[in-house]
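Visitor: Shown below is the structure under consideration.
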C-alpha cells in the first residue's frame, strides 16, 4: 500500500499529466456538445431545462387541478377540429402542384377566423410563449409510451416465436439461427414477465443524449495511451529505483503498485470525462426520472434496469474497458521500453478495434471491440455471438473477455516488472539486436557497432540517436502504411459513368478551349438538342406507323436518338467546366483547357499525409528527452555536455541540423512514394501537364500556373514544410523534456485546428498549419480567404506564421541552451 | 522466457481483437442443377411484394405470411433490412443447394435514382440510374450480401447454374434496349455480359449450355462463360416471343393474336414445342388460344383463353366491379414424351393471369376468383397456390394485407 501511495503521489505530482487530462476532458465534452447538443432546436419541449421544467409543472397541474386542464383541453380540441376543417377547405382550392410542400400556417388560419389563444400561460424567460399544444402532445405521448414499449417487447417475442415455428416446420432446429431466435425469445420473454409491473407513465429526459455519444472511449483511450507511457517509460529518471532493484520482492511490489496506479488513472479518467458530460447534460436538459425502466430510452434493452442503474452499468463497462486498454498498452511499454513502439502499437490497437466495429455487418462479434465495449452498445440491445457453432450472449462474452484480458495483462505486467533484468534495464530494444542480427547480419551489425562505437562526428551520432532501430522500424512501417493508403486512393475504382465521361472527353474535347472549339461545342450541343427534343420519339413512331420508314430504319433512327440523348447528357456534364473556362478567359485572359479531372484531382487535391506526420512527431519528440531520462552513469552525453557551455551550443547546432536533414529526407521519401504512385495511376496526366491549373474551378485563382508547375510546387511544399515541424518538435522536447507532453503540445498545435475546421469552425483555417503540410490545401484556401486583397496573402501569412513558430521555438532553445 | 512473454502478450492482444474478425465468406457448392424461376425451395415459399420479400411459412402451412427478415429488431422499412431492396424488386430467384435446410434468395431491383453527397440528395447520372442491384439473402443466417451494381436495366428473370447467376434484362442505354444477358459470379461478384448485336433474353439452361433468344427470334446457345455462341433454332417470329428451354424442350409462342375481352383486348398465343435433343426436330404445335404457359420438368402447363362475366360485386372503397375470368379455371398439361395434352383439373373457380412457379405438385399464381367471392372484397388474387393433382387452391396474400407486414 505504501508503494501504491508513493506511485499515486508521484503521479499526482506530474502536473502536465493532469493538464493533459483537463484538455482531453474539454475536447471530449466540446465534441459531445457539438454533436448532440449544439444543433438541437430548443423551441420544442423536452429539449432544455426550462421547457422540461414547464412540462413537469404541467403534469403536476394535470393531477392537482384536473378540471381546469380539462376545460383548456376541450377548447384546444375544438380549435383543432375547426383548424382541420379550414385547412381542408384551403387545400381543396389548390392544384396538385401547388400542394407540394404546402403547409397551412397559423397566420392562414387566422385569416379565416380560426384563432387559438394559449391558455396554459407558459412563457419562456426570453418572453416567447410556449404553445399549449406542446404540453397536450407531451401528455398524450406520456401514456402511450409505456403501452407501446410493452407492445414492442411483445412484438419481439412474437417474431422470434414465429421464426422458431418456421424453422421447426422445415426441420432446421439444428441450425445456429434457430438457437439465435430461441435465445432472443427466451431473453425477451423473461424481460416481459418482469417489465409489465415496472412500467408507468414517465418521460425520462437528458440522459439518453449521453449514451448516444459513442466517441467517448476514443478520448479516454487517447489520454490513457499517453498516461501509460508516462507511468511505465519515464521510470528511469527516478532515483529510488536502484534501491528497489536490489530485492526481488521490491521489484514485484513496485510493478504491482504501478499497476494499481495505472488502474486508478483509468478509473479517474473515465469518471472525469463522464462527470464533465453529465454536468453539460444537466445544465442543458436537466436529468429526470432516473428510476424509470431503461426501456424508455433504449427500447431494445433486454435487461431489467432503471435508467440510473443503466448509467452505472455503462460507466463500469467504460472503466473496465479503459483498464484493459491501459494494461495492454502498459504491457507493451514495459516489454519494449520504447515510446515509439508503445504509441504506435496503442494507435494500431485502437485502429484495429475501430475496424472490427465496422466489420461483420453489425453482428454480435463485431461488437467485441474496445470502442463498443467502452460504451452502451452491449447493453442497449441483446446481441449474440456465434462461438464454436453455438450462440453466446455478446454482453456475457464481452465481460468475460474484458475480465480475462484485465487479469492476464495485469498478471503479465507484474511478472514482467518482477523480473530482475527487466523494466529498469537501460534499453530492451538494444538487447533484441543480437537476435535480429543473426537473421539480418550485416545491416544490424553495422547499426549495433555504430550504437556502441560513439562515432567521431557529432552529427552522425545525433542522427543515429534519432534513428534508433525502433524509430527506423516505425518509419518503415508508417511508410508502408502510407504507400498502402496511396495505392488505395489512386486505384480506387471509378464508377462506369465516370469512365464513360472520361473516354468521351478524351476522344472529343480534351485540349485548349479556343474560340473555335467553343463554337464547335455549341454547334454540337444544338445539333443534339434538336435530335433529342421532347417529342422526338413520338414523331419517329408516327412516321413508322404512317409507313414513311421501314422497321429497320425505325430501329436505326431510334438508336441515333438514344445515343444522342446519351451524348447530350455527357455534354451537359461538361457545360459547367466550359462556362468556368469562358469566365476565366474573360477575367484573366488565360485560355483554359477542357480535360477530365476525376483522376487528376486525386493527385492535385491531396490532404496531409498523416503517416508522415505521425513519423515526424514520434521521431523528433524524443530529441531531448533521453538527456533527462538517463543517468550519467548509464552512458549518455547530457551529463558531459552540461558541463561546458560551448559543448551545449555546439550540440544544439548539430542536433537541429540533424533534425532538419533527417526530416527533409524522411518527408522526401514519403512524398516521392506518394507522387510516383499518383503519377503512375493518373492516365492522362502527361497530356495535361502544360494546361493551366486554373482550368479546374477549384484552382481558378491560380492564374497561368500549369498543372505540372502546381504539382512541383505542392510536392516541394509537402517536403520542406516538415522541417519546421521537426524543429518545433525538438524545441518542445527541449522545453518540456518528456515525450508525452511534447507529443501532446505539437499535436495540439497541428491537429487541433484541423479537427476544429472539420467540425465546422471555418475561422480555425487561419491557424490550421496542416494546410502547409498538405501543400495544395494551402493554395486553395488562398482563394477562399482574400486576406488583404492579395490572392496569395493567405498562403504567405500561414507559411510565414508556421515558420515563425518553429523559428521562435528554435531561438528559445538556443537561448536556453546557453544558460542551462 | 522473454520470447514467451512477448508471445503471450501478442496472443493476449489477438484474443482481445480476433473474435470480431471471424465470419469469413463461405463457398457454396451449387452442383450442376439449373435453378430457375423459383419461388419455392424445399418447404418454403418466398415471394416479393414491392421492395420486400415475404416468406410464406412453409408448404404444409402456406397461408402464414412473415417478413423473410428474421431480425426481431428490424422494422423492415429501410434498406438496412436484409430482406429489402432499395427500390421495388423486379425479379427473384430462390435456390436450395444440396446440404442446406433453408434457401438463398437472389433479389434484383433497379438502383435508387438518387444518392446522398455531403448531406444533399443528388440525382444519379442516366447511366447509373439504369443499373441494377442484386442482393443475396441467406435464409439460414438471415443476412444479406449486396453485389456491385450491374449494367442491366430492369432484370426480368434470373437463373443460377454452377454458381453463376444469369440475369436477363431489358437492355441498357446506348444499346437500344434490345435485351441484355449478364452473368454474375455469386462468389466474386464479377459480372460479364453476353455480346449479341441483336440483343438477347435468357430462356433457359440445359446440358451445360445457356440458351437465349435474340431480338430476331433466333434461339442461340453458348457455354456458361458465353463462349461458342451458335444458333440452335430459328423460331421465325422476327422478334422476341415468350419462350422457355426446359429439360431439352423449347417452348415458344409462335404467333400472338389480340382477342376481345369485355371492353379491352387480351393477347393469346399459339404455343409450339421443339425437342432440342433431336437436331432435326421440327416445331410441333402444342395448342392455340393459349393464355398463360409455363414449363416444368420438360412438360408444359397452360390455360386456354375464354372470356366470361360472372356478375358484379361491391368492393369497399371501389364501388361495383364486374367479376370476369380469362380462362375457365382449367389447367392443361402437354406431355413432351407422348406429344399429347391432357387436362389437369377443370373449372376450379379461379382463373390464372400469371403463373410464377410450379414445383412439388403446386402452382404459385396470380389471377382472379370468379366463384364464391365475398361482397366487399376484391376478387383479384395477388398470390395464390393451387394443387395440380386436385385443383384445390387458396389465396396466400391479398392486396390489403401489405400494411400489416
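The values are calculated or read from the model by the stated rules, or taken from the named source; none is laboratory data. Predicted, not measured: the structure shown is a model, and the values here were computed from it. Neighbour counts are summed over all protein chains in view; Cβ atoms, including those assigned to glycine, are modelled from backbone coordinates with ideal geometry.
Visitor: Are any residues in segment B:130-151 more than 12 Å from chain A (Cβ to nearest Cβ) and either in a loop (DSSP other than H, G, I, E, B) or surrounded by fewer than 19 Cβ atoms within 10 Å (Cβ to Cβ) (or both), and if so, which ones?
Guide: Restricting attention to segment B:130-151, the residues satisfying the condition of being more than 12 Å from chain A (Cβ to nearest Cβ) are B:132-137, B:147.
The one that is more than 12 Å from chain A (Cβ to nearest Cβ) and either in a loop (DSSP other than H, G, I, E, B) or surrounded by fewer than 19 Cβ atoms within 10 Å (Cβ to Cβ) (or both): B:147.
Visitor: Of all residues in segment A:179-193, count the ones that are at pLDDT below 85 and at the interface with another protein chain (Cβ under 10 Å from one of its Cβ atoms).
Guide: Residues flagged as at pLDDT below 85 and at the interface with another protein chain (Cβ under 10 Å from one of its Cβ atoms) within segment A:179-193 amount to 1.
Visitor: Additional query: Take the residues in segment A:381-417 that are in a loop (DSSP other than H, G, I, E, B) and in contact (Cβ under 8 Å) with a residue 60 or more places away in the chain, then tell me which one is surrounded by the most Cβ atoms within 10 Å (Cβ to Cβ). Walk me through it before giving the result.
Guide: Start the filter on segment A:381-417 by keeping residues that are in a loop (DSSP other than H, G, I, E, B), which leaves A:381-383, A:388-389.
With in contact (Cβ under 8 Å) with a residue 60 or more places away in the chain added as a condition, the list becomes A:381-382, A:389.
Details: A:381: 19, A:382: 23, A:389: 8.
Filtering segment A:381-417 for residues that are in a loop (DSSP other than H, G, I, E, B) and in contact (Cβ under 8 Å) with a residue 60 or more places away in the chain, the one surrounded by the most Cβ atoms within 10 Å (Cβ to Cβ) comes out as A:382.
Visitor: Which members of segment A:748-780 meet the condition of being farther than 26 Å from residue A:226 by Cα and not in a helix (DSSP H, G or I)?
Guide: Scanning segment A:748-780 gives A:760, A:761, A:775.
Visitor: Please verify whether residue B:168 is closer than 24 Å to residue B:54 by Cβ, within 14 Å of another protein chain (Cβ to nearest Cβ) and surrounded by 21 or more Cβ atoms within 10 Å (Cβ to Cβ), treating the condition exactly as stated.
Guide: On the way: closer than 24 Å to residue B:54 by Cβ: yes; within 14 Å of another protein chain (Cβ to nearest Cβ): no; surrounded by 21 or more Cβ atoms within 10 Å (Cβ to Cβ): yes.
Considered against the rule, which asks whether it is closer than 24 Å to residue B:54 by Cβ, within 14 Å of another protein chain (Cβ to nearest Cβ) and surrounded by 21 or more Cβ atoms within 10 Å (Cβ to Cβ), residue B:168 comes out as no.
Visitor: Say whether the condition of being in contact (Cβ under 8 Å) with a residue 24 or more places away in the chain, in contact with a helix residue (DSSP H, G or I) (Cβ under 7 Å, 6 or more places away or on another chain) and surrounded by 14 or more Cβ atoms within 10 Å (Cβ to Cβ) is met by at least one residue in segment A:84-103.
Guide: Of the residues in segment A:84-103, the ones in contact (Cβ under 8 Å) with a residue 24 or more places away in the chain are A:86.
Keeping just the survivors that are in contact with a helix residue (DSSP H, G or I) (Cβ under 7 Å, 6 or more places away or on another chain) gives A:86.
Within this subset, residues satisfying the condition of being surrounded by 14 or more Cβ atoms within 10 Å (Cβ to Cβ) are A:86.
Yes: one or more hits.
Visitor: Okay, next question. Out of all the residues in segment A:149-165, is one or more within 14 Å of chain B (Cβ to nearest Cβ), within 42 Å of the chain's Cα centre (by Cα), under 28 Å from residue B:44 (Cβ atoms) and not in a helix (DSSP H, G or I)?
Guide: For segment A:149-165, residues within 14 Å of chain B (Cβ to nearest Cβ), within 42 Å of the chain's Cα centre (by Cα), under 28 Å from residue B:44 (Cβ atoms) and not in a helix (DSSP H, G or I): absent.
Visitor: Checking the structure you have, find out if any residue of segment A:367-376 is within 12 Å of another protein chain (Cβ to nearest Cβ) and at pLDDT below 80.
Guide: Among the residues of segment A:367-376, at least one is within 12 Å of another protein chain (Cβ to nearest Cβ) and at pLDDT below 80, which makes the answer yes.
Visitor: Taking the stated definitions as given, is residue A:336 at the interface with another protein chain (Cβ under 10 Å from one of its Cβ atoms) and either over 23 Å from residue A:404 (Cα atoms) or out of contact with any helix residue (DSSP H, G or I) (no Cβ under 6 Å at 6 or more places or on another chain) (or both)? Quick ask: steps written out before the conclusion?
Guide: On the way: at the interface with another protein chain (Cβ under 10 Å from one of its Cβ atoms): yes; either over 23 Å from residue A:404 (Cα atoms) or out of contact with any helix residue (DSSP H, G or I) (no Cβ under 6 Å at 6 or more places or on another chain) (or both): yes.
When the stated conditions are applied, residue A:336 passes them.
Visitor: Away from chain B (no Cβ under 12 Å), surrounded by fewer than 24 Cβ atoms within 10 Å (Cβ to Cβ) and without any contact (Cβ under 8 Å) to a residue 12 or more places away in the chain, is that true of residue A:304?
Guide: Details: away from chain B (no Cβ under 12 Å): yes; surrounded by fewer than 24 Cβ atoms within 10 Å (Cβ to Cβ): yes; without any contact (Cβ under 8 Å) to a residue 12 or more places away in the chain: no.
Spelling it out, it is not the case that residue A:304 is away from chain B (no Cβ under 12 Å), surrounded by fewer than 24 Cβ atoms within 10 Å (Cβ to Cβ) and without any contact (Cβ under 8 Å) to a residue 12 or more places away in the chain.
Visitor: Need pairs with beta-carbon distance below 9 Å; first residue assigned by TED's automatic domain parsing to the domain that holds residue A:677 and within segment A:473-486, second not in a helix (DSSP H, G or I); sequence gap 6+ or separate chains.
Guide: From residues that are assigned by TED's automatic domain parsing to the domain that holds residue A:677, the pairs are A:474/A:338; A:475/A:467; A:482/A:609; A:485/A:609; A:486/A:609; A:486/A:681.
Visitor: Same structure again: Looking at segment B:334-390 only, could you name the residues that are outside any strand (DSSP E or B) and surrounded by 13 or more Cβ atoms within 10 Å (Cβ to Cβ)?
Guide: B:336, B:347, B:348, B:349, B:370, B:371, B:373, B:377, B:378, B:379, B:388
Visitor: Sticking with this one: Is segment B:48-63 home to any residue that is modelled with pLDDT of 65 or more, assigned to a strand (DSSP E or B), within 9 Å of another protein chain (Cβ to nearest Cβ) and surrounded by 21 or more Cβ atoms within 10 Å (Cβ to Cβ)?
Guide: yes
Visitor: For segment B:10-40, enumerate the residues that are at pLDDT below 75 and either part of a loop (DSSP other than H, G, I, E, B) or crowded, with 22+ Cβ neighbours inside 10 Å (or both).
Guide: B:16, B:19, B:20, B:22, B:23, B:24, B:25, B:26, B:27, B:37
Visitor: State yes or no: is residue B:94 modelled with pLDDT of 90 or more and either within 17 Å of residue B:51 (Cα to Cα) or in a strand (DSSP E or B) (or both)? Spell out the reasoning first.
Guide: Working: modelled with pLDDT of 90 or more: yes; either within 17 Å of residue B:51 (Cα to Cα) or in a strand (DSSP E or B) (or both): yes.
Here the answer is yes, as residue B:94 does meet what is asked.
Visitor: Additional query: How many residues does segment B:259-282 contain that are crowded, with 18+ Cβ neighbours inside 10 Å and not in a strand (DSSP E or B)?
Guide: 1
Visitor: Would a scan of segment A:516-528 turn up a residue that is closer than 19 Å to residue A:687 by Cα and at pLDDT 85 or above?
Guide: Just the residues of segment A:516-528 that are closer than 19 Å to residue A:687 by Cα, to begin with: A:517.
Within this subset, residues satisfying the condition of being at pLDDT 85 or above are A:517.
Checked against the condition, which is being closer than 19 Å to residue A:687 by Cα and at pLDDT 85 or above, segment A:516-528 yields at least one hit.
Visitor: What residue, of A:342, A:394, is in contact with a strand residue (DSSP E or B) (Cβ under 6 Å, 6 or more places away or on another chain) and at pLDDT 80 or above?
Guide: Details: A:342 fails: in contact with a strand residue (DSSP E or B) (Cβ under 6 Å, 6 or more places away or on another chain).
Just one listed residue meets the conditions, A:394.
Visitor: A follow-up question, please. Suppose we filter A:314, A:329 for residues that are within 11 Å of chain B (Cβ to nearest Cβ), in contact with a helix residue (DSSP H, G or I) (Cβ under 8 Å, 6 or more places away or on another chain) and modelled with pLDDT of 85 or more; which single one remains?
Guide: On the way: A:314 fails: within 11 Å of chain B (Cβ to nearest Cβ).
Of the residues listed, the single one that is within 11 Å of chain B (Cβ to nearest Cβ), in contact with a helix residue (DSSP H, G or I) (Cβ under 8 Å, 6 or more places away or on another chain) and modelled with pLDDT of 85 or more is A:329.
Visitor: Let me ask something else. Just to be sure I understand, how many residues within segment A:212-234 are surrounded by fewer than 22 Cβ atoms within 10 Å (Cβ to Cβ), modelled with pLDDT of 80 or more and assigned to a helix (DSSP H, G or I)?
Guide: 3
Visitor: If residue B:100 meets every condition in (1) closer than 20 Å to residue B:33 by Cα; (2) away from chain A (no Cβ under 13 Å); (3) surrounded by fewer than 19 Cβ atoms within 10 Å (Cβ to Cβ) apart from one, which number is that one?
Guide: Just one mismatch for residue B:100, condition (2).
Every residue, every condition in (1) at negative phi; (2) away from chain B (no Cβ under 14 Å); (3) in contact with a helix residue (DSSP H, G or I) (Cβ under 7 Å, 6 or more places away or on another chain); (4) in a strand (DSSP E or B), yes or no:
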residue: A:473; (1), (2), (3), (4): yes, yes, no, no
residue: A:479; (1), (2), (3), (4): yes, yes, yes, no
residue: A:482; (1), (2), (3), (4): yes, yes, yes, no
residue: A:498; (1), (2), (3), (4): yes, no, yes, no
residue: A:517; (1), (2), (3), (4): yes, yes, no, no
residue: A:529; (1), (2), (3), (4): yes, yes, yes, no
residue: A:539; (1), (2), (3), (4): yes, yes, no, no
residue: A:548; (1), (2), (3), (4): yes, yes, no, no
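Visitor: Residues in segment A:392-413 that are in contact with a helix residue (DSSP H, G or I) (Cβ under 6 Å, 6 or more places away or on another chain) and more than 12 Å from every other protein chain (Cβ to nearest Cβ): how many?
Guide: Let us first name the residues in segment A:392-413 that are in contact with a helix residue (DSSP H, G or I) (Cβ under 6 Å, 6 or more places away or on another chain), namely A:394-395, A:398, A:402, A:405-406, A:408-410, A:412-413.
So of that shortlist, the ones also more than 12 Å from every other protein chain (Cβ to nearest Cβ) come out as A:395.
Within segment A:392-413, residues that are in contact with a helix residue (DSSP H, G or I) (Cβ under 6 Å, 6 or more places away or on another chain) and more than 12 Å from every other protein chain (Cβ to nearest Cβ) number 1.
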